[in-house]
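Below is one structure, written out as structure tokens; the observations come after it.
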Amino acid sequence: MMMLVKYSGSLAGDSWSSAQCEYVLPVELRPPVEVNATVCVSNGQTARMLVVNPNGTIRCANMGAAGSNQGCVGSLCYPIP
């Protein structure tokens, strides 16, 4: 079985801003290790990461540089053990 996590939204414009999802994954759908993927920002200004943690939290974060408040979309997929 595979788990797909999709993100679409925007963040504050500073270099290290992030947004955490209000929903926490149930234990049976959590990855055994942290999984992450690069997220595409509409203007290509800065890199963002979509992260799913073993505790079930999901967040999207700017990764330094100039930051960006532009919209972004991304997804990641991982196997459920």
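Here is how the numbers come out for the structure above:
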| read-out | value |
| --- | --- |
| Qualifying residue in the range 56-67 (condition: over 9 Å from the mean Cα position of the chain (by Cα) and free of Cβ contacts under 8 Å to residues at least 12 places away in the same chain) | no |
| Some residue of the range 20-28 being more than 11 Å from the chain's Cα centre (by Cα), farther than 14 Å from Val5 by Cα and in contact (Cβ under 8 Å) with a residue 60 or more places away in the chain | no |
| Residue match in the range 27-38 (condition: acidic (Asp, Glu), within 22 Å of Pro79 (Cα to Cα) and modelled with pLDDT of 90 or more) | yes |
| Number of the exception - Glu22 against (1) out of contact with any strand residue (DSSP E or B) (no Cβ under 9 Å at 6 or more places or on another chain); (2) surrounded by 15 or more Cβ atoms within 10 Å (Cβ to Cβ) | (2) |
| Members of the range 25-36 that are open to solvent by 70 Å² or more (accessible area, probe 1.4 Å) and in contact with a strand residue (DSSP E or B) (Cβ under 7 Å, 6 or more places away or on another chain) | Glu34, Asn36 |
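The values are calculated or read from the model by the stated rules, or taken from the named source; none is laboratory data. For clarity, every value in this text was computed on a predicted model and none was experimentally measured. In this analysis, Cβ positions are derived from the backbone assuming ideal geometry, glycine residues included, and neighbour counts consider all displayed protein chains. Remember, those area values only see protein heavy atoms, side chains included, never the ligands or the DNA or RNA. Shrake-Rupley method; radii C 1.70, N 1.55, O 1.52, S 1.80 Å.
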